[in-house]
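One structure is given here, and the rest of the page talks about it.
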């Protein structure tokens, strides 16, 4: 995954597209700590006259880095010692997606390797593989399982922006509301979770009833 220093470098070199630049500048205005980190990074570059290896990261990677920072802001409730109600609901209802049907359909050997890592609950390895697949081209399945792997790896704030990039017309889109809702529940962001639970409750699949039950519990 693209780290923050590469994001800052791209910003300072003027390599972000206007939409990503606007999003980052909004984040910097609203979060003084990020502004301070940017200033520290600028200071670290001052002795250098040039940046030897220009790098233009893919827009989807930039967007994920920025969106992750935004989602992660205000996450202190998630870190509380006693499990908050949202995380309790997450623990009760979370189940990983069975991958057998995905394995049988894919002809991409690298994607298959990532799915097998996810199935084996080796989430760090799965994350690495799905990120590699996405550098080679768009893949709704890779985006879905990258988000799911981040969630299963305990990083719901990373899962949410990744899954939000999945095309609503793809087969993978049916899973997005439910697992986005679970991601927000894990962070105890109940109002955001409700929004996605409502969507999930209207999608006919195995999680429809669970979404309806959780909404009743949250009234």
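Which FRET efficiency value, to the nearest 0.05, do you get for residue 125 and residue 13 by plugging their Cβ-Cβ distance into 1/(1 + (r/R0)^6) with R0 = 35 Å?
Numbers: r = 32 Å, r/R0 = 0.92.
Once the sixth-power term is evaluated, E becomes 0.60.
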Starting from 0.36 nm per residue, how many nanometres of slack lie between residue 202 and residue 140 once their C-alpha separation is accounted for?
20.2 nm
Once R0 is set to 22 Å, what does the formula 1/(1 + (r/R0)^6) return for the Cβ-Cβ distance between residue 108 and residue 164, expressed as a FRET efficiency to the nearest 0.05?
0.45
So if the hydrodynamic radius of region 80-217 is defined as the Kirkwood radius over C-alpha pairs, what does Stokes-Einstein give as its diffusion coefficient at 25 °C and 0.890 mPa s, in µm² per second?
163
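At a 10 Å Cβ-Cβ cut-off, how would you order 7, 45, 27, fewest neighbours first?
Least to most surrounded, the residues fall as 45, 27, 7.
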Added length on full extension, which subtracts the Cα-Cα distance from 0.36 nm per residue, residue 101 to residue 219:
38.9 nm
When 172, 44 are ordered from fewest to most other Cβ atoms inside 10 Å of their Cβ, what list results?
44, 172
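Values in this text are rule-based calculations from the coordinates and carry no lab data. Model, not experiment: these values are computed from the prediction. Here the Cβ is made from the backbone with ideal geometry for all residues, glycine too, and neighbour counts use every protein chain on show.
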